[in-house]
Amino acid sequence: MIVVDVNVLAYLFIDGPQTPEVEALHELDPEWAAPLLWRSEWRSVLAGYLRRGELDRPTAIRMSEVAGRLLEGREYPVEHEAVLDIVLTSDLSAYDAEYVATAKRLGLPLYTYDAGILGGFPTVARRP
């Protein structure tokens, strides 16, 4: 099992330059985990695609349902203290800190493309 941030999840569902890497990561380890926050961030990603006309509503809904099944049973609440401790010792937003806190809590690697997470937490974060 691994922790993924919403950008990694997005590349699994929405074609982009990193899609082949993310698909290979999913084949290698299909058990993905994330903080509960992923749902709101995922909706925000989809909203952007909807507003730009790059996705239609039925496709966005279908993607949400499939993504929900992918992470079912592996969505975790994050303790406020853990997030705030990460924020105090890094330049990360509280949102990004939730992914780091989840990975640390579970003792799992966090896969991301976020340069701040990768640079600030090299023992936890990895690129796909």
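Every number in this text was worked out from the coordinates using simple rules, so none of it is lab data. These numbers come from a predicted model, not from an experiment. Methodologically, a virtual Cβ is constructed for each residue, glycine included, from the backbone with ideal geometry; neighbour enumeration extends over all protein chains shown.
Dipole of the chain (Lys/Arg Cβ +1, Asp/Glu Cβ -1, origin at the Cα centre): which of Val3, Pro35, Val45 lies farthest to the positive side? Comparing the listed Cα positions along the dipole, Val45 ranks first. A Gaussian network model of the chain, with springs between Cα atoms under 10 Å, assigns the largest mean-square fluctuation among Pro35, Pro58, Pro77 to Pro58.
Neighbour counting of Cβ atoms within 10 Å sorts the residues Asp15, Asp29, Asp114, Asp96, fewest neighbours leading, into Asp15, Asp29, Asp114, Asp96. Both numbers refer to the Cα atoms of segment 2-126; Rg and Dmax are 14.3, 42 Å.
Electrostatic tally near Glu41: other residues with Cβ closer than 11 Å to its Cβ, Lys and Arg +1, Asp and Glu -1, net -1. The magnitude of the dipole of the chain, with charges of +1 and -1 set on the Cβ of Lys/Arg and Asp/Glu and taken from the Cα centre, is near 240 debye. Taking a Cβ cut-off of under 11 Å around Val100, the surrounding Lys, Arg, Asp and Glu residues balance to a net charge of -3, with basic ones at +1 and acidic ones at -1. Loop-resident trypsin sites (Lys or Arg not before Pro) (DSSP state other than H, G, I, E or B) in segment 1-76 with no more than 11 further Cβ atoms inside 10 Å of their Cβ: Arg52. Here the spin labels are modelled as points 7 Å beyond Cα on the Cα-Cβ line, and at Asp85 and Glu72 they lie 3.4 nm apart.
For the pair Ser64 and Asp29, what calculated FRET efficiency results from E = 1/(1 + (r/R0)^6), where r is the Cβ-Cβ distance and R0 = 25 Å, to the nearest 0.05? Between Asp29 and Ser64 the formula returns 0.70. Entry note, the chain: relative contact order of 32 percent, from Cα contacts under 8 Å with a spacing of 6+ residues. Positive contributions from Lys and Arg (+1) and negative ones from Asp and Glu (-1), summed over other residues with Cβ under 11 Å from the Cβ of Leu118, come out at -1.
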